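For reference, the structure is listed below as structure tokens.
Only the coordinates and a few stated rules stand behind these numbers; no lab work does. Values in this document were obtained by computation on a predicted structure and should not be read as measured data. All Cβ positions, glycine included, derive from the backbone under ideal geometry; neighbour counts span all protein chains shown.
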Amino acid sequence: MTLRQFLLRRVLLVIPILFGITFITFMLVRVGDRDPVAMLAGPLADRQTLATLRTEMGLDRSFWEQFAIYVGKLIQLDFGKSWESNNPVIVDIANRLPASLELLLIAMLIGAAVGIPVGLRSAQRPNGAFDQAARFVSLLGFSVPTYWFALMGIFIFFFKLGWAPPPMGRIGLDAIPPPDVTGSYFIDSLLVADWSAVHSSGTRLVLPVLIFSVIVAAPIIKHTRAIALEVLSSDYIRYARASGLSPFTVRRIALRNAFTPVLTFVASELTGLLAAVSLLEFIFAWGGMGQWGLNAILNSDFAAVQGYVLTLALFSAVIYVMVDIAVLMLEPRSALKA
């Protein structure tokens, strides 16, 4: 299989997945017990108003006609209009997604930078003191709910110690938000050299990022340790040791062979964390897409919920394609044979 065929097959696999998720999101409005027309019109609307509004929304047409119209609008990036904000859903997503990515990517980088070395170090001496401590921390990160970590962090570092700023958004009331370039207040403040905004946005990043980093690092430690243990017990590692290679060379060979499955796991975790960050955003009033999507679900804002689910699906599809390309670069022979 050539490189072009490999990439083409991966892209073609994404299309039916996205189509299936599109159909599921389309059904969200129709399987619930709430009538979107009645909710939009209000409790005082009469039958004539409901019928007119249903016709304007195209809900009086057949099921497949409605689905065809829905898909046609999605192709034009028309996700509908949010009933709560009265903005096009695509505009709300574009405004809020950078805030979620800012929190997610920084926490992911810190979690991976800590979790991978710790997992590898634990695998070198199983059941040792370091391994026991690392497994305890990993188990703690797995067991404790995200919201409990966030609430305890606010209670200790803001309420008791006064080290953290109040959990009220991405920038303080005493600072002016910078011009929108990347969507990240911290990066945009650096670009325009607004040091007051840099300090305000940076200090508000610290606590949620640290809390989320612990949650991210816990599964990475566990799975990296398991992958490294399997690699270290393999026949080629035994042969390398029997050949008299130095411990440093043996560790480098093990790391090289463990890196691809570790990378695949970290990427698969990243796809689920964009949805998991919603509770953290809600507690810290972060204003990102996770908080927006959670509010849309609670308020039955169907167009926003559909846009939120589709964005998560598209984000996951893009990450998986990027991981396939990265694996292809690291292991070209095994990837092209797949």
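Of PRO167, PRO261, PRO247, the residue with the greatest mean-square motion in the GNM of the chain, using alpha carbon springs below 10 Å, is PRO247. Using a cutoff of 8 angstrom between alpha carbon atoms and counting only pairs six or more residues apart, the relative contact order for region 95-337 works out to 27 percent.
In the chain, a dipole from Cβ-located charges (positive for Lys and Arg, negative for Asp and Glu) runs towards its positive end, and of GLY119, ALA51, MET168 it is GLY119 whose Cα lies farthest in that direction.
Which angle between 0 and 90 degrees, to the nearest 10, do you get for helix 129-143 versus the longest principal axis of the chain when only C-alpha atoms count? Result, in degrees: 10. Could you pull out every one of the aspartates and glutamates with an alpha carbon less than 20 Å from that of LYS222, ignoring same-chain neighbours closer than 8 positions? Here the aspartates and glutamates satisfying the reach criterion relative to LYS222 are ASP131, GLU230, GLU269. Candidate cross-link partners of LYS81 among the aspartates and glutamates, defined by an alpha-carbon separation under 15 Å and a same-chain spacing of 8 or more, comprise GLU56, ASP92, ASP301. Along the positive direction of the dipole of region 245-338 (beta-carbon charges: Lys, Arg +1; Asp, Glu -1; about the Cα centre), which of MET322, PHE282, PHE302 reaches farthest? The one lying farthest along the dipole's positive direction is MET322.
Each residue, ILE156 and ARG9, gets one label point 7 Å from its Cα in the Cβ direction; the gap between the two is 4.9 nm.
Here the label points at TRP83 and LEU210, each 7 Å from Cα along the C-beta direction, are separated by 4.2 nm in the simple model.
Sparsely packed loop sites in region 228-294 (the chymotrypsin sites (Phe, Trp or Tyr not before Pro) outside DSSP H, G, I, E and B with at most 16 other Cβ atoms within 10 Å) do not occur. Largest GNM mean-square fluctuation among SER184, SER233, SER122, using the chain with Cα springs under 10 Å: SER233.
Taken one residue at a time, the phi angles of region 111-119 give Karplus couplings (6.51, -1.76, 1.60, θ = phi - 60°) of x, 5, 5, 8, x, 5, x, 5, x Hz. Gly and Pro are set to x. Computed on region 150-291, with alpha-carbon pairs under 8 angstrom and 6+ residues apart, the relative contact order is 25 percent.
Taking the helices alone, the chain has a mean residue ellipticity at 222 nm of -25000 deg cm²/dmol, built from -39,500 (n - 2.57) per DSSP H run of at least 4 residues and averaged over all its residues. Spin-label pair PHE63-MET329: with each label point 7 Å from Cα along the Cα-Cβ axis, the two points sit 4.5 nm from one another. Sparse packing (at most 11 other Cβ atoms within 10 Å of the Cβ) combined with a DSSP loop state is found for none of the chymotrypsin sites (Phe, Trp or Tyr not before Pro) in region 174-203.
Where in region 68-171 are there chymotrypsin sites (Phe, Trp or Tyr not before Pro) that are in a DSSP coil and have at most 11 other Cβ atoms within 10 angstrom of their Cβ? Kindly include the intermediate steps, with their values, before the conclusion.
On the way: sites: TYR70, PHE79, TRP83, PHE130, PHE136, PHE142, TYR147, TRP148, PHE149, PHE155, PHE157, PHE158, PHE159, TRP163; in loops: PHE79, TRP83, TRP163.
Those satisfying the criteria are TRP163.
Here's the picture: a label point sits 7 Å out from the Cα of SER143 along the beta-carbon direction, and within region 199-227 the residues with their amide nitrogen under 15 Å of it are 218-219. Taking Lys and Arg as +1 and Asp and Glu as -1, the other residues whose beta-carbon sits under 15 Å from that of TRP286 total 0. Near ALA99, once Lys and Arg are set to +1 and Asp and Glu to -1 for all other residues with Cβ below 13 Å from its Cβ, the sum equals -2.
Mind checking Rg over Rh on region 192-338, alpha carbons, Kirkwood formula for Rh?
Numbers: Rg = 20.8 Å, Rh = 18.7 Å.
Radius of gyration over Kirkwood radius for region 192-338 works out to 1.11.
Under a Gaussian network description of the chain, with springs only between Cα atoms under 10 Å, the residue in SER196, SER316, SER138 that fluctuates furthest is SER196. Just one of (i) 23.1; (ii) 21.4; (iii) 20.4 is Kirkwood radius over Cα pairs in Å as worked out from the coordinates here. Which one is it? Label of the calculated value: (i). Simple point charges give the picture: +1 on the Cβ of Lys and Arg, -1 on the Cβ of Asp and Glu, and for the chain a dipole about the Cα centre of about 1580 debye. The radius of gyration of the Cα set in region 65-121, together with its Dmax, comes out at 18.7, 58 angstrom.
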